Each structure stands twice: as C-alpha cells, then as structure tokens.
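In what follows, a single structure is set out as structure tokens and then discussed.
A short reminder: the numbers here are calculations on the coordinates, not readings from a lab. Keep in mind that this is a model prediction, so the values were computed, not measured. Methodologically, a virtual Cβ is constructed for each residue, glycine included, from the backbone with ideal geometry; neighbour enumeration extends over all protein chains shown.
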Amino acid sequence: MKTWHIIGARRYGYLLSALVVIPGLIALAVWGLNFGIDFTGGTLLDVRLGRSASVEEVRSVMAGFNQAEAVIQQSGGQPREFIIRTETLDEATTARVTAALGQRFGGVEVLLAERVGPKIGRELRNRAILAVSIGLVLQILYISWRFRSVRFAVTADIALIHDLLVVIGLYALTRRQVDSSFVAVLLTVIGYSVNDTVVIFDRIRETFAQRIRATFPDLVNRSILEVLVRSLTTGAGALMAIVAIYYLGGVTIRDFAFGLAAAVITGSYSSIFVASPLLVEWHNWSERRAGRRPDAPRVLEPARETAPVAGPRPAEQRPGGQRPGRRRNRR
C-alpha cells in the first residue's frame, strides 16, 4: 500500500505558505489594515425607532450619508432599539442622520450620542498587542515545559506566527474592518494553532518511544498520518458551525466569522505542513552539523524491561555450576 509522504513534499507546503503570506505582507505595507472606530475613534448612537426595523433597513438609511460600513446592532434584542457606530460625525451631520431615521421609521428617540476619541482607540490597540504578545510567550513556555525541548517550542511558535500573518494578511487583502472582535480572532488563532500542533507533536513523541527502525522524517510522517483524520475532522466540524454563523448571523458578525474560519483553516494546515516539517529541517541540520547522515535509519531505544519473575536460577548462576536434579549418592 502506497503511503502519502507529506514530509517528502514539504517544500510544496512552504511554497503555498509563501503564496498566501507574501501578498498579505505587501498589502499591509501598501495600504495597511482597515481599522474601525474601535481603534480610530468615531460616533456612537443609541436610538429607539418609531417602529420595528431590520439592520439592513437602518443600513440603507446610513448609506445615504456615506456610512454603509457603519457597525449596526440591535440593542438588547429589541426590534426598535439600535446601536450605530460610524466614523466621526459633526453635530450637524448627526442631527441629519437622526432626522432621516425618524422620517423613515415613524419617529426616533436618541438615547445616547457620543464621540469615541482616537486616544481610546490607541489604548485598545496597545492592549490588543499586549494580549497577543503575552499569549505567544505563554505558549513558548508551555510547549517547552510540555515536551522538555526548545526545538518543539520554537517550531510550534514559528507555525503560530505563520498563522497570525495569514489571518492579518487576509484582512488586509480583503479590506475587512478591524474592530474589537479582531482581538478575539487573533487569540483564537493562537489557541487553535497551538492545540492542533500539540496533538501532532504528542504523537511524534509517542512514536519515538516505540522500537521502530526508520529515518526521522519517516517517523514524523507516520505520526502525522496517524492523527490526520482526527485533525481534519475537528477542523471540518468547527468550519460547519462558523459557516452557519457567517450566513445566518447577520452582516455585523461576518467579518468576525471570516476571521474564525481563516484561523481554523490555517491552524490545521500549519501544524501539518509547517510545524512538523520545520522539526524535520532542524533535525537534519543538527545531524549534518554533527557529521551524521540525516537520512540514515535508526532504531529507537526500547522501553526499559521489567525485572524477571523470581524462579529457579539457571545452572551457570548456581554455586559450582550444578544443575538442579537428583543428588548423587556418595559411598
């Protein structure tokens, strides 16, 4: 039976990663992320309409003021109350917006109207960077302790940084709005990516504990294939729920669902095609540096055998080398 050698084709995985990461980095350098009012500041309106309305109807009114990208949410599940976040509007424009809402929906009551300054946006941005940085450091410490090896920790975190760059680059390429939920997306990337990588690394360590004569890449490839179905099944189940949220959760939550879907896909991909191949690359480099062939088969040390059951000792261990049997009569 022919086995799919993922590690042998790892360079194709590197190429696919480059085709996704590099355009994202270029987009970040050219036009950057599309930050929402949570980061840049803006105007917040909490209104109660004269009749029930949908988010799409309210958005059609806001589109007349070039605010089609405004964040619109129902307040407390009430079909008449809405929270609207827009770019910074002056008092005259705010008055015209409320008047248009009142004319369209039979009246409007402004419950709250305030401006969110850019200072608060900068503080949120700094906290987001701090949260992601702390998550990265904690993952390095955890994997180093879990596997007693910096090699596992470094390769896992390179895959994690790869996943973060993929998600951030996709947001930059698609010009999706980056708001406070984007922080949750990045933290989801960290959690899901490391979780899937730890599953594969655990199986690699278990394979190393067996008495198998094979090369290091073959052992890693065998470990990946043993957990491949589990990883793909877990990712597919999560994607089904996210797709349902994307299409049924409304316009305001689609950017968040998009980020979650990207996190699940790249997290499953990187643990197989980035983290594990990098572990093999590191091993091959260290073997060549030590003057050994990295593709030479090796036999892993078997587990220490238990002590033999107590019983009669063999003849060579008996005093005088006598064998057990009938004692000879002496005359």
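Could you list which residues have their amide H under 5 Å from that of N34, counting only those 5 or more apart in sequence or on another chain, with H placed in the peptide plane?
V178
What are the trypsin sites (Lys or Arg not before Pro) within segment 34-92 that DSSP puts in a loop, where the Cβ has at most 12 other Cβ atoms within 10 Å?
Passing both the DSSP loop test and the Cβ count: R51.
Charges only on Cβ, +1 for Lys and Arg, -1 for Asp and Glu: so what's the dipole of segment 1-135 about the Cα centre, in debye to the nearest 20?
That gives segment 1-135 a dipole magnitude of about 680 debye.
Quick one: grab the alpha carbon gyration tensor of segment 128-289, order the square roots of its eigenvalues as a ≥ b ≥ c, and give me rounded if a/c is under 1.5, else prolate or oblate depending on whether a/b is larger than b/c.
Prolate.
In sequence order, what are the phi-derived ³J(HN,Hα) couplings for segment 44-51 according to the Karplus relation 6.51 cos²θ - 1.76 cosθ + 1.60 with θ = phi - 60°, rounded to whole Hz, with x for glycine and proline?
Coupling constants for segment 44-51: 10, 10, 10, 10, 10, 7, x, 8 Hz.
Once you have a ≥ b ≥ c as the square roots of the Cα gyration tensor eigenvalues for segment 67-168, tell me rounded if a/c is under 1.5, and otherwise prolate or oblate according to whether a/b is larger than b/c. Please report the intermediate quantities before stating the final value.
On the way: a/c = 3.92, a/b = 3.17, b/c = 1.24.
Prolate, since a/c reaches 1.5 and a/b exceeds b/c.
Pulled fully out, how much extra length does the chain show between R96 and L19, if you take 0.36 nm times their separation in residues and subtract their Cα-Cα distance?
Residue separation times 0.36 nm, minus the Cα-Cα distance, leaves 23.1 nm.
Quick one: if the Förster radius is 22 Å, what FRET efficiency do A209 and V229 give, using the C-beta to C-beta distance and rounding to 0.05?
0.50
Can you check what the net charge comes to around F152, using other residues whose Cβ is under 13 Å from the Cβ of F152 (Lys, Arg +1; Asp, Glu -1)?
On the way: positive: R146, R148, R151, R203, R205; negative: D157, D202.
Net charge in that neighbourhood comes out at +3.
If you keep only loop residues by DSSP, which chymotrypsin sites (Phe, Trp or Tyr not before Pro) in segment 127-227 have at most 15 other Cβ atoms within 10 Å of their Cβ?
none
What is the magnitude of the charge dipole of segment 37-116 about its Cα centre, with +1 placed on the Cβ of each Lys and Arg, -1 on the Cβ of each Asp and Glu, and no other charges, expressed in debye to the nearest 20?
On the way: 8 positive and 11 negative charges, 56 e Å.
Magnitude of the dipole: close to 260 debye.
T88's amide H: which non-local residues (gap 5+, or another chain) put their own amide H closer than 5 Å, with H modeled 1.01 Å from N in plane and none for Pro or chain starts?
Those lying under 5 Å, H to H, from T88 are T43.
With the dipole of segment 58-208 worked out from charges on the C-beta (+1 for Lys and Arg, -1 for Asp and Glu) around the Cα centre, which of Q139, N66, L111 lies farthest toward the positive end?
Q139
Can you compute the charge dipole magnitude of segment 138-274 about its Cα centre, using +1 on each Lys and Arg Cβ and -1 on each Asp and Glu Cβ, nothing else charged? Give it in debye, rounded to the nearest 20.
Taking the Cα centre of segment 138-274 as origin, the dipole is about 340 debye.
By how many nm would the segment from L130 to W145 lengthen if fully extended, with 0.36 nm per residue of separation less the alpha-carbon distance?
On the way: separation 15, 0.36 × 15 = 5.40 nm, distance 2.26 nm.
Going from the current span to full extension adds 3.1 nm.
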